[in-house]
Amino acid sequence: MADLNVNIGKLHLKNPVLTASGTFGYGIEYADFMDLSRIGGIFVKGTTLHPREGNDYPRMAETPSGMLNAVGLQNKGVDYFINDIYPKIKEIDTELMVNVSGSTIDDYVACAEKINELDTIPAIELNISCPNVKQGGMAFGTTCEGASEVVRAVRKVYHKTLIVKLSPNVTDIASIAQSVETEGADAVSLINTLLGMAINIETRKPVLSTVTGGLSGPCVKPVALRMVYQCYKAVKIPIIGLGGISNWQDAIEFILAGATAIQIGTYNFIDPAISVKVVEGINEYLDRHGFRSVRELIGGLG
């Protein structure tokens, strides 16, 4: 059996297969379908400083080879996570990471400070695709300046592995990756969802209550793969690749493009045990091709 261990900054993973925030709950919801200890880690659902109700329904829609969502970061806030969820999941034998979101810099900082105190949470993932309410709703992650500002502030108070999740809704994602690297990010994860929409032609109205939403699923994979490749050539910090991964072959593509680890998102809804199958597939591929370690594959595109 090949060595599947990888490192994301100071974070040591038993294998490169992770589950994406928003698609895997808090992990315990999937315990009946798979052995959670067999995957490299879990990014729990998006967490904000204060509770959020999310957007009005309808807020999800199926699209060809994918789905749109406009859930709106519905969650009960970081204190609820600390007091009610963390005690239930902290013994899970894999790495647990929290996706942190906010509408202001202060929100991000305060939320990160609280999570920094949790012993068995070794990393956070900053979702900088959130709208900056102080700048008219423009997402933090769509400019180098906005991305730098939030990462710089969080880096001052958060002392564990800091992963920044990048938005694909930009013209030059590599420059934004470089900007967060400069401000102290230990890794980047990409891509977040692409902005899309769907229309009901019978009612002649948008399908989603918010008109637009985040597109995910197999349809976004070519875009995600291209962006991972571009960022791999631009930064020295590790990259976690995600976007449309539905099997082990997809995972291998992302690793060859430069990803140290991968996240599985939308496909968890189709096959709740997909992440374990991807771990097995990666191992079989490495054995078949004579690789001793998955690390030999990273950025190995010929």
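Within the listed set Ala273, Ala31, Ala251, the residue fluctuating most in the Gaussian network model of the chain (springs between alpha-carbon atoms under 10 angstrom) is Ala31. Looking at the range 113-237, the DSSP beta bridges with both ends there are about 45 percent antiparallel.
Secondary structure note: in the range 1-143, about 45% of the DSSP beta bridges are antiparallel. Magnitude of the charge dipole for the chain, about its Cα centre and with charges confined to Cβ atoms of Lys, Arg (+1) and Asp, Glu (-1), is about 480 debye.
Residues Ile270, Ile245, Ile42 in ascending order of nearby Cβ atoms (within 10 Å, fewest first): Ile270, Ile42, Ile245.
Around the amide H of Ile264, modelled in the peptide plane, lie the amide H atoms of Leu18, Thr19, Ala20, all under 5 Å away and 5 or more residues distant in sequence or on another chain. A cut-off of 5 Å between modelled amide H atoms, ignoring neighbours fewer than 5 places along the same chain, links Asn247 with no other residue. The order of Met34, Met60, going from fewest to most other C-beta atoms within 10 Å of their C-beta, is Met60, Met34. Among the GluC sites (Glu not before Pro) in the range 201-302, those located in a DSSP loop and surrounded by at most 14 other Cβ atoms within 10 Å of their own Cβ are Glu202. Rounded to whole Hz and in sequence order, give me ³J(HN,Hα) for the range 207-213 from the Karplus expression 6.51 cos²θ - 1.76 cosθ + 1.60, θ = phi - 60°, writing x for Gly and Pro. In residue order, the calculated couplings are 5, 8, 4, 8, 6, 10, x Hz. A convex hull fitted to the Cα coordinates of the range 1-110 yields 155 cubic angstrom per residue. Above 18 angstrom, tally the Cα pairs of the range 214-302 and express them as a % of all pairs, no decimals. Roughly 40 percent, rounded to a whole number.
Here is the tail figure for the range 174-217: Cα pairs spaced more than 12 Å apart come to 69 percent of all pairs. Considering all alpha-carbon pairs of the range 140-253, what whole percent are spaced by more than 18 angstrom? Of the Cα pairs, 54 percent sit more than 18 Å apart. Estimated purely from DSSP H runs of n ≥ 4, each contributing -39500 (n - 2.57), the mean residue ellipticity at 222 nm for the chain is -8000 deg cm²/dmol once divided by its residues.
So in the chain, what percent of DSSP beta bridges are antiparallel if you round to the nearest 5?
Values: 18 of 47 bridges.
Close to 40 percent.
Once you compute Rg and the Kirkwood Rh from C-alpha atoms, what is the Rg to Rh ratio for the range 37-101? Don't skip to the answer; put the middle values down first.
Values: Rg = 14.3 Å, Rh = 13.5 Å.
In the range 37-101, Rg relative to Rh is 1.05.
In this Cβ point-charge picture (+1 for Lys and Arg, -1 for Asp and Glu), the range 215-302 has a dipole of about 340 debye about its Cα centre. Placing unit charges on the Cβ atoms of the charged side chains and taking the dipole of the chain about its Cα centre, the candidate lying farthest along the positive direction among Thr104, Leu286, Ile270 is Thr104. Taking amide H as placed 1.01 Å from N in the peptide plane, Asn15 has its amide H under 5 Å from the amide H of Val6, Gly40, each at least 5 places away in sequence or on another chain.
Sorted from fewest to most neighbouring beta carbons within 10 Å, what does the list His50, His289 look like? Don't skip to the answer; put the middle values down first.
On the way: His50 14, His289 11.
In order of increasing Cβ crowding within 10 Å: His289, His50.
Readers should treat all values here as calculations from the given coordinates under stated rules, not as data from a laboratory. Computed from a predicted model, the values in this text were never measured in an experiment. All Cβ positions, even for glycine, are placed from backbone atoms using ideal geometry, and neighbour counts span all protein chains on display.
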